[in-house]
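**Q** Below is the structure I would like to discuss, written out as structure tokens.
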Amino acid sequence: MTTSRRTRGLAIAAALLLVLSACTAGFGGLKLRIAAGNSGGVYYKLAQTLATAWQTGLDIDRPEVLQTQGSPDNVAKVLARQADVAFVAADVAADRYQAHPDFAALARIHDDYLHIVVRADSDIRSVSQLSGHRIAIGSPQSGVEFIAKSLLIAAGLQNSVSTITRGLDDSVAALLNHDVDAFFWSGGLPTPKLAEPENRGRLRLLDIADLMPKMQALSQVYSTATIPASTYNQLLPVTTLVVPNFLVVPKSMPDDVAEALVRDLFGARRALADANLAALSIDVHPGIETQPVPLHPGALRYYRAQKT
């Protein structure tokens, strides 16, 4: 073999190596922060699993999972570039997108169920009977506070109850200590904190079937569902409000990153379901249903490749 042919061969081999390296390389120095709510909720459990999946799938350092107040706080962090991915309830996302359309959706994930919780031995049997009582309505700047205020207005109770803002753990403690008479929570089924053995049988959920027409008039994203009695060891099932959850990112996120995040989200479905049963509903087909928040172009590219 002549020197010139050997040189050309080496050059071609080097070029092929560079192409292969580019194809197999991960996302290098990419750093991700996931805004994930409080540590007792479903968001946080799923975020921990996603962080591990994205670390492996994208070949990056494990994303940082941020404990936050909830959906409004999460959107604010994405808009302020303090988080790169956020779990957000669809009602909050729809409301914030009208004023600040600088974020996009990766996917619709699991649904959240509104819980209005009283003590099992309480005389309160309906939302209307909350009048005159003290109620915890979630953490400040949380999705729980957002939906609780909407429901109290729909029920005509906004001026006849005393409200305090508390996270889930503090709400449960305040209720059992008789510091409040009820609390609001919006989360997947089951919410781990409410399903703990020491809480089962001590808490009771209120049915809100009579308020659902008014709530659905407030937002197109609300639907009606049942929390089975077996979920929290209740005597009866209750009708309640369901709100989907989205994963959202800044619109400025590169398309290839967004596409990879969606790919590995669905690739991690089994692990997510192991983390919390709410994730059983995560699937490609409902994943595209993020209206009125548009899908990120990178996410849309993934769904089109799956022919969804």
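**Q** Once you treat every alpha carbon in segment 60-125 as an equal point and sum by Debye, what is log10 I(q)/I(0) at q = 0.27 Å⁻¹?
**A** With one equal scatterer per Cα and no solvent, log10 I(q)/I(0) is -1.31.
**Q** Quick one: check the C-alpha center-to-center distance for segment 137-187 versus segment 96-115, whole angstrom.
**A** About 21 Å separates the Cα centre of segment 137-187 from the one of segment 96-115.
**Q** Using a 1.4 Å probe over the heavy atoms of the protein chains, calculate the carbon and sulfur portion of the accessible area of the chain as a whole percent.
**A** On the way: 7330 of 14090 Å².
Accessible surface attributable to carbon and sulfur in the chain totals 52 percent.
**Q** Still on this structure, please answer the following. Could you please report the charge total around Ala90, scoring K, R as +1 and D, E as -1 over all other residues with beta-carbon less than 13 angstrom from its beta-carbon?
**A** That sum, taken over residues with Cβ under 13 Å, equals -3.
**Q** How large is the accessible surface per residue of segment 14-151, computed with a 1.4 Å probe and reported in Å² as a whole number?
**A** Dividing the accessible area of segment 14-151 by its residue count gives 41 Å².
**Q** Which entries in the list Lys149/Lys193; Lys149/Lys307; Lys193/Lys251; Lys149/Lys251 go over 31 Å, if you measure between the two C-alpha atoms of each?
**A** Those over the limit are Lys149/Lys307; Lys193/Lys251.
**Q** Can you give me the C-alpha center-to-center distance between segment 292-306 and segment 223-266, rounded to a whole angstrom?
**A** So the separation of the two Cα centres works out to 17 Å.
**Q** Then there's this: For segment 35-151, taking Cα atoms only, what is the radius of gyration to one decimal and the Dmax to the nearest whole Å?
**A** According to the Cα coordinates of segment 35-151, Rg and Dmax are 16.6, 55 Å.
**Q** Tell me, in nm to one decimal, what length is gained between Asp255 and Gln306 on full extension, where the rule is 0.36 nm per residue of separation less the Cα-Cα distance?
**A** On the way: separation 51, 0.36 × 51 = 18.36 nm, distance 1.63 nm.
Roughly 16.7 nm would be gained on extension.
**Q** A follow-up question, please. I'd like the orientation of helix 255-267 relative to the chain: the angle between its Cα long axis and the longest Cα principal axis, in ° from 0 to 90, rounded to 10.
**A** 60 degrees
**Q** Only helical DSSP H runs with n ≥ 4 go in: add -39500 (n - 2.57) per run for the chain, normalise by residue count and round the 222 nm mean residue ellipticity to 500 deg cm²/dmol.
**A** Mean residue ellipticity, 222 nm, calculated: -12000 deg cm²/dmol.
**Q** Rg to Rh ratio, segment 249-308, alpha-carbon atoms and Kirkwood radius?
**A** 0.98
**Q** May I ask you to compute the full-extension gain from His100 to Leu218, defined as 0.36 nm times their residue separation minus their alpha-carbon distance, rounded to one decimal in nm?
**A** On the way: separation 118, 0.36 × 118 = 42.48 nm, distance 1.97 nm.
Taking His100 through Leu218 to full extension adds about 40.5 nm, to one decimal.
**Q** Quick check on the chain: what does the Kirkwood estimate of hydrodynamic radius come out to from the alpha carbon pairs, in Å? Mind dumping the intermediate values first?
**A** Details: mean 1/r = 0.0483 Å⁻¹.
Averaging 1/r across every pair of different Cα atoms and inverting gives 20.7 Å.
**Q** Considering the zone a paramagnetic label at Lys149 would reach in this model (a point 7 Å from Cα along the Cα-to-Cβ line), which residues of segment 76-90 have amide N under 15 Å from it?
**A** Answer for segment 76-90: 76.
**Q** Something else now. Largest first and in whole Å, give the semi-axes of segment 162-212's equivalent ellipsoid, each being the square root of 5 times a Cα gyration tensor eigenvalue.
**A** 17, 16, 11
**Q** For a bin width of 5 Å, list the pair-distance distribution of segment 174-299 built from all Cα-Cα distances, rounded to whole %.
**A** Once binned at 5 Å, the Cα pair distances of segment 174-299 give 2, 8, 14, 17, 16, 16, 11, 8, 5, 1, 0.
The values are calculated or read from the model by the stated rules, or taken from the named source; none is laboratory data. From a predicted model like this one, the values you see are computed outputs, not experimental measurements. With ideal geometry, Cβ positions are generated from the backbone for all residues, glycine too; neighbour counts draw on all protein chains shown. Note: areas computed on protein heavy atoms with side chains; ligands, DNA, RNA excluded. Shrake-Rupley method; radii C 1.70, N 1.55, O 1.52, S 1.80 Å.
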